[in-house]
1. Can you tell me which residue among A:200, A:273, A:225 is within 14 Å of DNA strand C (Cβ to nearest atom), closer than 24 Å to residue A:161 by Cβ and touching a Leu at 6+ places or on another chain (Cβ under 7 Å)?
2. Looking at (1) in a strand (DSSP E or B); (2) buried (at least 21 other Cβ atoms within 10 Å of the Cβ); (3) among the acidic types (Asp, Glu), which one does residue A:24 not meet, given that it meets all the others?
3. Picking from A:212, A:232, which residue would you name as being farther than 19 Å from residue A:285 by Cβ, among the polar types (S, T, N, Q) and out of contact with any Lys or Arg (no Cβ under 7 Å at 6 or more places or on another chain)?
4. Suppose we filter the range A:235-269 for residues that are under 19 Å from residue A:224 (Cα atoms), out of contact with any Leu (no Cβ under 7 Å at 6 or more places or on another chain) and within 16 Å of DNA strand B (Cβ to nearest atom); how many remain?
5. Restricting to the range A:6-48, count the residues that are touching a Leu at 6+ places or on another chain (Cβ under 8 Å) and modelled with pLDDT of 95 or more.
6. I'd like to check something: does the range A:239-253 contain any residue that is under 30 Å from residue A:115 (Cα atoms) and away from DNA strand C (no atom under 14 Å from the Cβ)?
7. For the range A:179-194, how many residues are closer than 20 Å to residue A:160 by Cβ and under 15 Å from the mean Cα position of the chain (by Cα)?
Amino acid sequence: MPEVEVIRRGLNSILPGRVIKAVDFNWAKTFPNSQADVSKFLINAKVKNIARRAKLIVINLDSDYSLLIHLKMTGQLVFRSSELQFGAGHPTASLTGHLPDKSTRVTINFKDGSQLFFNDQRKFGWMLLLPTKALRLHSLYGRLGPEPLAPDFTAKVLKERLARRANSSIKAALLDQSVIAGVGNIYADESLWGAKIHPATIVKNLSPQRITKLQAELINILKLAIKKGGSTDRNYVNAEGKSGSYLSFARVFRREGQPCPRCGRTIKKIRVAGRGTHYCPHCQRLKIK
DNA sequence: CACTTGACCTGTCCGC
DNA sequence: TGCGGACAGGTCAAGT
């Protein structure tokens, strides 16, 4: 989610006011809308603003339709203005090659000559055009839990939401988007380390104090990650093609074999809820009540 | 119903 | 150098 939020902010500073001239796509699953809908509600539409819900990017258009985009793990949304085709020259730029490239699934061409490229190596990401009014009722939105960075996401709310997954591991519960919207694998591991909770702990065995600590850690870590421009594990870049630096601040994620920054013992990697999971065996003890 | 596993894809890395 | 297998940031449908 921090990565998506960083992209949203970038796009929201460059796209509003631009008018779509044409859209090219080369992978049908990426963009399942009919050609008729594309012509009617996307072509000639002007971008109003860019919003986010959970890990979804929402480009609101003046056609009263919204373009929803899910980047999954390897998706990118990279903007190139007509005069700066390569984004080159910037010392931290990490995606400076020619676009479209072999991973480009959709290209949105604006009337002023600028372009937005949707690249996705693994083809898991998608776009979907929906009427703006229908978004809240759509199943993509309806089952999502609360936004962890909203002001009303309190420890009490987290306790209530976790009660839905009382018998599963806390790691699985955190990754369940219907419990909380927006926590992914990196931030689940990082916040559990911060709260000193073993990732395999069954939710009902967590004390209220641990959950309160976890709520605070989630907020702190997500905010820090946004500030650092997100996490670049391999593919991630923001709208300008630059990578994020959060992983150099990460305490356990991808740090197996290294010393725990809190106690100095060796960080381990195991599998929990089907996902690679990093933790400190000393700081994060498995408590079975 | 609650919960876990496999599938969707491409690319990379590691052991043989 | 090549090949097979495991694994990768997410989310569903299908299974138990």
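1. Of A:200, A:273, A:225, the one residue that is within 14 Å of DNA strand C (Cβ to nearest atom), closer than 24 Å to residue A:161 by Cβ and touching a Leu at 6+ places or on another chain (Cβ under 7 Å) is A:273.
2. (2)
3. Going through A:212, A:232 in turn, the sole match is A:232.
4. Total satisfying the criteria: 4.
5. 11
6. Of the range A:239-253, the ones under 30 Å from residue A:115 (Cα atoms) are A:239-247.
Subset that is away from DNA strand C (no atom under 14 Å from the Cβ): A:240.
Yes, there is a match, as at least one residue in the range A:239-253 is under 30 Å from residue A:115 (Cα atoms) and away from DNA strand C (no atom under 14 Å from the Cβ).
7. 5
Conditions tested, residue by residue: (1) closer than 17 Å to residue A:61 by Cβ; (2) free of Cβ contacts under 8 Å to residues at least 40 places away in the same chain; (3) within 16 Å of DNA strand B (Cβ to nearest atom); (4) acidic (Asp, Glu).
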| position | (1), (2), (3), (4) |
| --- | --- |
| A:130 | yes, no, no, no |
| A:137 | no, yes, no, no |
| A:143 | no, yes, yes, no |
| A:150 | no, yes, no, no |
| A:153 | no, no, no, no |
| A:161 | no, yes, yes, no |
| A:165 | no, yes, yes, no |
| A:169 | no, no, yes, no |
| A:173 | no, yes, yes, no |
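The values are calculated or read from the model by the stated rules, or taken from the named source; none is laboratory data. Remember, predicted model here, so these are calculated numbers, not experimental data. All Cβ positions, even for glycine, are placed from backbone atoms using ideal geometry, and neighbour counts span all protein chains on display.
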